[in-house]
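The values are calculated or read from the model by the stated rules, or taken from the named source; none is laboratory data. Here the structure is a predicted model, which is why all the values come from computation and not from measurement. Neighbour counts run over all protein chains shown; Cβ positions are idealised from the backbone, glycine included.
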Amino acid sequence: MMRIIRFEENHPQKIILAVVTNDHKIYSLPYNSLLEIVEQSKLKNLKVVEFINEIIKDSLPLNKSLEELNLLVPIEAPEVWACGVTYQKSREARNYEATKGKLDTTTFYDKVYDAERPEIFMKSTKDRTIGPNKVLFLRSDSNWQIPEPELGLVLNGDGEILGYTIGNDMSCRDIEGENPLYLPQAKIWSRSCSIGPSILLAETVEDPYQFEIICRIYRNEELVFKGSANTSQLKRRFEDLVKFLKRDNILFPGTVLLTGTCIVPPNDFTLANGDRIEIEVSGIGKLINPVKSQVAQQVTS
Ligand code: DO4
Ligand code: MG
C-alpha cells in the first residue's frame, strides 16, 4: 500500500506533496502532483511505486503524523464527475424520494440501474471541491440533505485509473425528488464536494471491489448515524464507468470520477449546521468535514 497526500506548511508557506508508506511513515516528494510522478515514472520505465521508492530511499521521514498536518485535496481535480444509482441502496433511496415512498411503477432509477449506459453527471470543479477538515456547505433552499460517501477514481487523460480516493457527493434529496431535472441543483453548489484524505496508488491495490466504506455523522460530538458498505456490492465495473465518461469527451488529467453511493442515512435524517461527517475507506483513510449552513444570498435587482 502506498498513498499520496498534499499538505500545507506555514513557515515558510508552501504546499508539499508526500507519500505515506505501508509502515505509516511520511516522506516529502520533490514534485508538485501525482500526475508529475506518474509521468516521470513512465519516462524511466518504472512502476510508480518503484519510482517513489527510488526517490525516498536515502531520505528521512517527517517527524509528524498525518493528524498533525494541514491536509489539502490530494489532487487538484479540474473536474469531479459522479456516477449514480450504481448500488441497489441508492436505487431504493432515489425511488423513495421520487415517489414519497408510494412506489408502484418502474422509475427512471430502476431503468438506469439495469441499463448498459450508467448515469454520469458533472459534480464539481476545482474551486468547488474542498479537502479534508475543510467546511462543507449546506444548501440554503433544501430541507433534506445527506452526505454520499463514495469511492473516487483518480484518472489520467487517457482514463487510466491511477489511484483511489474518497469523495463526498453532498446531495439534496428533496430537490432531486421534486423533479430529476433539478439534478444539477441537487448536486452542485459551493463546497458541495470533498475529496481526500489521500490517493491510494492503484498499482498497490489487489482488489478494488473489496473496499469497506464506513460513514459516521456526529452532532454535538454524539454519533447520530453510522452505516457501512463494500465496493463488492457495486452493480458495475470501474472500467465501464470510465469508458462512458471518456466516450467522445475530453478527460482532463487528474479528473476524479465518484462511483456512486452505497450508504444512505434513514429517510427522516437530514444534515444540520455543525454536523461532522466522517467517511472511512480501508487503506485510504478518513475524510472528515464539518458542515455549515449558508445564509441565503440576497437577490438584488
Ligand atoms: O440520480 C441521482 C444520483 C444518485 C447518486 O449520486 C448516487 O447514486 O450516488
Ligand atoms: Mg452520489
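Overview of values
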item: Residue check for Val80: crowded, with 20+ Cβ neighbours inside 10 Å and either farther than 19 Å from Phe252 by Cβ or over 18 Å from the mean Cα position of the chain (by Cα) (or both); result: no
item: All positions within the range 78-126 that are assigned to a loop (DSSP other than H, G, I, E, B), more than 16 Å from ligand 2 (Cβ to nearest atom) and at pLDDT 95 or above; result: Pro78, Ala115, Glu116, Arg117
item: Every pair of residues 6+ apart whose Cβ atoms lie under 9 Å, when the first sits in the range 72-98 and is at positive phi while the second is assigned to a loop (DSSP other than H, G, I, E, B) and not β-branched (Val, Ile, Thr); result: Val85/Pro118; Val85/Lys235; Val85/Gly260
item: Check on Ser41, out of contact with any Ser or Thr (no Cβ under 9 Å at 6 or more places or on another chain), of a type in the set (Gly, Ala, Ser) and over 25 Å from Phe211 (Cα atoms); result: yes
item: Hits in the range 131-175 - residues which are of a type in the set (Asp, Glu) and crowded, with 22+ Cβ neighbours inside 10 Å; result: Glu148, Glu150, Asp169
item: Yes/no for Asp248 being buried (at least 17 other Cβ atoms within 10 Å of the Cβ) and more than 18 Å from the chain's Cα centre (by Cα); result: no
item: Test: residue in the range 194-202 that is within 16 Å of ligand 1 (Cβ to nearest atom) and either buried (at least 23 other Cβ atoms within 10 Å of the Cβ) or closer than 14 Å to Pro149 by Cβ (or both); result: yes
item: Criterion: within 14 Å of ligand 1 (Cβ to nearest atom) and within 24 Å of His24 (Cβ to Cβ) - qualifying residue of Pro132, Pro149, Pro118; result: Pro149
item: Residue in the range 10-31 that is part of a helix (DSSP H, G or I) and not small (Gly, Ala, Ser) present; result: no
item: Residue, surrounded by the most Cβ atoms within 10 Å (Cβ to Cβ), within the range 38-59, restricted to residues that are in a loop (DSSP other than H, G, I, E, B) and in contact (Cβ under 8 Å) with a residue 12 or more places away in the chain; result: Lys47
item: Residues (away from ligand 2 (no atom under 15 Å from the Cβ) and more than 10 Å from the chain's Cα centre (by Cα)) located in the range 145-176; result: Leu155, Asn156, Gly157, Asp158, Gly159, Glu160, Ile161, Leu162, Gly163, Asp174
item: Whichever residue in the range 65-76 is surrounded by 12 or more Cβ atoms within 10 Å (Cβ to Cβ) and out of contact with any Gly (no Cβ under 9 Å at 6 or more places or on another chain) and, among such residues, is farthest from Asn133 (Cα to Cα); result: Leu69
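Yes/no per residue for (1) more than 24 Å from the chain's Cα centre (by Cα); (2) among the charged types (D, E, K, R):
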residue: Leu60; (1), (2): yes, no
residue: Leu69; (1), (2): no, no
residue: Glu76; (1), (2): no, yes
residue: Arg91; (1), (2): no, yes
residue: Thr99; (1), (2): yes, no
residue: Asp104; (1), (2): yes, yes
residue: Asp127; (1), (2): no, yes
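Residues checked against (1) over 19 Å from Ile284 (Cα atoms); (2) away from ligand 1 (no atom under 16 Å from the Cβ); (3) hydrophobic (A, V, I, L, M, F, W, C):
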site: Met1; (1), (2), (3): no, yes, yes
site: Val20; (1), (2), (3): no, yes, yes
site: Asp23; (1), (2), (3): no, yes, no
site: Tyr27; (1), (2), (3): no, yes, no
site: Pro30; (1), (2), (3): yes, yes, no
site: Glu54; (1), (2), (3): yes, yes, no
site: Lys57; (1), (2), (3): yes, yes, no
site: Leu66; (1), (2), (3): no, yes, yes
site: Glu76; (1), (2), (3): no, yes, no
